[in-house]
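One structure below.
The values are calculated or read from the model by the stated rules, or taken from the named source; none is laboratory data. Since the structure is predicted, the reported quantities are computational estimates derived from the model, not experimental observations. Cβ coordinates were reconstructed from backbone atoms using ideal geometry, including for glycine residues, and neighbour counts include every protein chain displayed. Just the protein is used for accessible areas: all its heavy atoms, side chains included, with ligands, DNA and RNA removed. Shrake-Rupley method; radii C 1.70, N 1.55, O 1.52, S 1.80 Å.
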Amino acid sequence: MRYDKQKYITLLKEMTLADFKTKHINAYLGVLWNLLDPLLLFGAMYLVFSVFLDWRTPDYTVYLLLGIILWTFFSDVTAKGMVSIHGKAGLITKVNFPKEIIVFSSGINALITLIISFLVFIVMFIFSPVSFHGTIFLLPVFIAQLILVALGTSFFLSAFFLRFRDLSFIWSFLLKIGFWVTPVVIPLTKIPEKYHKFLLLNPLTNIIKGARDAVIYNTSPSIFNMVWVTLAALAIFLAGYFIFKRMEKYFADYVVF
């Protein structure tokens, strides 16, 4: 079936804007909540691991905030993307359009939050002792990899959530576990080296570690690492999208339940 691309690009814009407004309606702080969420988590984790546990990890402030911002984006995209199709049940049953627009709209809203969060990170980076390095320009590559992983996972989750509503509880639990098994808060140097090879099988670990190395430590990953992480991210995106499109014809039947 052919779709009018321009028509559905407009639909994507309107849907994204509507979701963004709905999210902040009647919220006194409005878009500031996009900043407070990662900053409050950052404050709590910094207090525990840097103050109470007295970890002397170099540049831990910037290190921790960057990890939390990237993880929050992944968590936000997947958690909201999972329920996005179900949340547009009325639209799905009445209008014929490519349903992936809904998931993309959810992802764009999370991307807006990511951009806002990075404004805070830039300010902290400027006032930190971390020097500016040319490798920082690799950061968009890692963000692109993260977007692919997040969207691919969202496509998969949103398709199966319509059929298995328990998936929301399972995914919420997995995100909590993932926060700790992915070195968001705990540096790899604090984890026994024998476990590193298992942790690095996780694309998110490689993406967050690569972003930190490039921004903070003036280090770029090997070409092999960049290629395999990019291919893994692309594979996750394509697999999720393929499953989503295969199940799309059943969406109207499932959303009514």
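Please tell me if Thr135 is within 17 Å of Asn202 (Cβ to Cβ) and open to solvent by less than 50 Å² (accessible area, probe 1.4 Å).
In short, no.
Within region 99-111, can one find any residue that is touching a helix residue (DSSP H, G or I) at 6+ places or on another chain (Cβ under 8 Å), modelled with pLDDT under 90 and surrounded by fewer than 18 Cβ atoms within 10 Å (Cβ to Cβ)?
No, that holds for no residue.
State all residues of region 67-98 that are under 19 Å from Ala18 (Cα atoms), open to solvent by 20 Å² or more (accessible area, probe 1.4 Å) and either among the basic types (Lys, Arg) or not in a loop (DSSP other than H, G, I, E, B) (or both); if no residue qualifies, say none.
Hits for region 67-98 are Asp76, Ala79, Lys80, Val83, His86, Gly87, Lys88, Ala89, Gly90, Leu91, Lys94.
Could you please find all residues in region 229-244 being more than 15 Å from Ala144 (Cβ to Cβ) and out of contact with any Ser or Thr (no Cβ under 8 Å at 6 or more places or on another chain)?
Residues satisfying the conditions are Ala239, Tyr241, Phe242, Ile243.
So for region 44-66 (the condition being part of a helix (DSSP H, G or I), modelled with pLDDT under 75 and open to solvent by 50 Å² or more (accessible area, probe 1.4 Å)), does at least one residue qualify?
yes
Considering only region 224-257, state which residues are farther than 24 Å from Gly67 by Cβ, open to solvent by 60 Å² or more (accessible area, probe 1.4 Å) and of a type in the set (A, V, I, L, M).
Matches in region 224-257: Leu238, Val256.
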